[in-house]
1. Pull up region 83-111, narrow it to residues that are small (Gly, Ala, Ser) and within 17 Å of Phe53 (Cβ to Cβ), then point me to the one that is surrounded by the fewest Cβ atoms within 10 Å (Cβ to Cβ).
2. Tell me the residue from Arg63, Arg45 that is surrounded by fewer than 16 Cβ atoms within 10 Å (Cβ to Cβ), more than 20 Å from Trp191 (Cβ to Cβ), in contact (Cβ under 8 Å) with a residue 12 or more places away in the chain and not small (Gly, Ala, Ser), please.
3. Hey, Trp58 hits all of (1) more than 24 Å from the chain's Cα centre (by Cα); (2) closer than 25 Å to Arg199 by Cα; (3) aromatic (Phe, Trp, Tyr) but one; which does it fall short on?
4. Could you tell me whether Thr165 is of a type in the set (Val, Ile, Thr), touching a residue at least 12 places away in the same chain (Cβ under 8 Å) and in contact with a His (Cβ under 7 Å, 6 or more places away or on another chain)?
5. I'd like the full set of residues that are farther than 22 Å from Asp46 by Cα and touching a Gly at 6+ places or on another chain (Cβ under 6 Å), limited to region 145-171.
6. Residues that are acidic (Asp, Glu) and modelled with pLDDT of 95 or more: list the strands (runs of 3 or more DSSP E) wholly contained in region 113-210 that include at least 2 such residues.
Amino acid sequence: MSVSKHIRIYFLAYSLIVTLRPLQGSAQENSNAAKKGSQPVVTERDGQHDFDFLFGSWSVHSRRLLHPLTGSNTWVEFTGTAVDRPIWDGHAQLEEFAADSPSGHIEGMTVRIYNVKSHQWNIYWANQSSGSFSLPATVGQFENGQGEFYDQEDNNGRNIFVRYTWISSPESPRWEQAFSVDGGKTWETNWIWTLSRLRNGSDKTATDAR
C-alpha cells in the first residue's frame, strides 16, 4: 500500500473521530442530565417555629429525681412558673423559670436558638446560683411533634450524655431530662415538667413566683 493511501486512511479515521466525539459528549451530557432529573430533590424541613407552642405563661409542675445516677428512687415534686417569649423575630426564644423546690429556690433561664443552616435548635440553660450558661449547647430538632436534644457533660467527674425531650402541645406540653452513662444505650429520667397554660387573672410572670 502506498504512503499516500496510508495518509488518506489516517485522515478519514481522524475525521470520523472528530465528528463522533461531540455527539458522544452530547449523549453523555444528556444521560447525566436524565439521571439528575430522575433523582428527587430533598428539601430540608424548616423548624424555626417548632417552639412557638411555648409562647406565653405557664404553671410548671416539676417531678425531680433527688440524686441522679446513684441508684436512688427518691423523687420530689413542686410547682413553679415559666414565661416564654420570642426574640430575634422568632429565630430564638427566651424562657424564665422560677420555683421553690424542697432543696431551695430555683431561678433559671433557657435560651433556644435556631440554626438555619443545620435546621437544628441549640438550647442553653443557666441558673442564678451559677451565673453562667451550661456548655455545650443541647442540640436537636422536632419530628412529628416530639423534639429530642442531646449533649455531653461532666457529672461529678464522669462524662455523661444528656437528653431533653419535648412533647409539643398548645395547652399541656411536657419536658423530660434524662442522663446516660453508657453512651446512650440506657437512660435514666431525672426531671419531668408538666405545663399548664396560665390565662387572664391567673397569668403570672416567672418573677411573680419568687
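1. For region 83-111, the residue satisfying everything is Gly90.
2. It is Arg45.
3. (1)
4. Considered against the rule, which asks whether it is of a type in the set (Val, Ile, Thr), touching a residue at least 12 places away in the same chain (Cβ under 8 Å) and in contact with a His (Cβ under 7 Å, 6 or more places away or on another chain), Thr165 comes out as no.
5. Phe161
6. 146-155
The values are calculated or read from the model by the stated rules, or taken from the named source; none is laboratory data. Keep in mind the model is a prediction, meaning the values are calculated, not measured. So basically every Cβ, Gly included, is an ideal-geometry build from the backbone, and we count neighbours across all protein chains shown.
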